[in-house]
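Accompanying notes for the structure given below.
Throughout, read-outs are computed from the coordinates displayed, never taken from laboratory work. Remember, it's a predicted structure, so these values are computed and weren't measured experimentally. Here the Cβ is made from the backbone with ideal geometry for all residues, glycine too, and neighbour counts use every protein chain on show.
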């Protein structure tokens with residue numbers, strides 16, 4: 001029990017800067033000693049039940065009560081030591097925080113943090129703006145690609161129409177030539193018919209010899 005009391009006393013005055021791993025190791029050591037004491041108390045209880053005379057039972061029961069009281073006091077001291085250590089650690093944190101806030105460098109540090117935060121916010125705004133610009137450019141590019149496709153399809157249709165127009169012009173020229181030939185033939189036929197109906201027939205020869213004089 002003396003070893004447990006010593007460890008509990010060490011925990012109660014432990015420096016707040018002690019590493020957390022060291023504090024955990026000390027608490028684990030105290031808990032292990034408590035488990036041993038509980039095992040001893042259980043053995044004493046079994047021994048009291050096995051005693052034959054009332055005097056023997058009384059002696060074992062007195063020893064059991066004594067050790068049980070020591071265990072209870074040690075456990076209470078252990079809990080108080082843990083609470084004291086936690087309170088001292090909190091007080092040390094508050095004191096360090098107050099010293100930090102009251103230091104001349106704190107205001108400069110706060111301004112630097114605010115400046116860095118503003119810079120970060122500005123960078124985020126720029127990033128968001130660039131992202132929106134990229135999205136808009138992608139939309140414009142997609143729209144332009146669609147317009148180019150429409151223009152290309154229109155150009156193809158215009159080319160096909162132009163080829164068709166050239167073919168129609170050739171066809172018109174050929175038809176115009178055939179029409180001119182038909183008109184000339186019709187004029188010749190009409191003139192020939194008119195000449196046959198209007199010109200008198202000639203019964204005299206076109207050339208007459210002069211009569212001889214006596």
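Taking the Cβ-Cβ separation of residue 182 and residue 156 as r and a Förster radius of 41 Å, what is the calculated FRET efficiency to the nearest 0.05? With a Förster radius of 41 Å, E is 0.60. Neighbour counts of other Cβ atoms within 10 Å put 40, 113, 8 in the fewest-to-most order 113, 40, 8.
Neighbour counts of other Cβ atoms within 10 Å put 34, 85 in the fewest-to-most order 34, 85. Treating each Cα of the range 2-104 as one equal point scatterer and applying the Debye formula with no solvent, the log10 of I(q)/I(0) at q = 0.12, 0.13, 0.22 Å⁻¹ comes out as -0.55, -0.61, -1.07.
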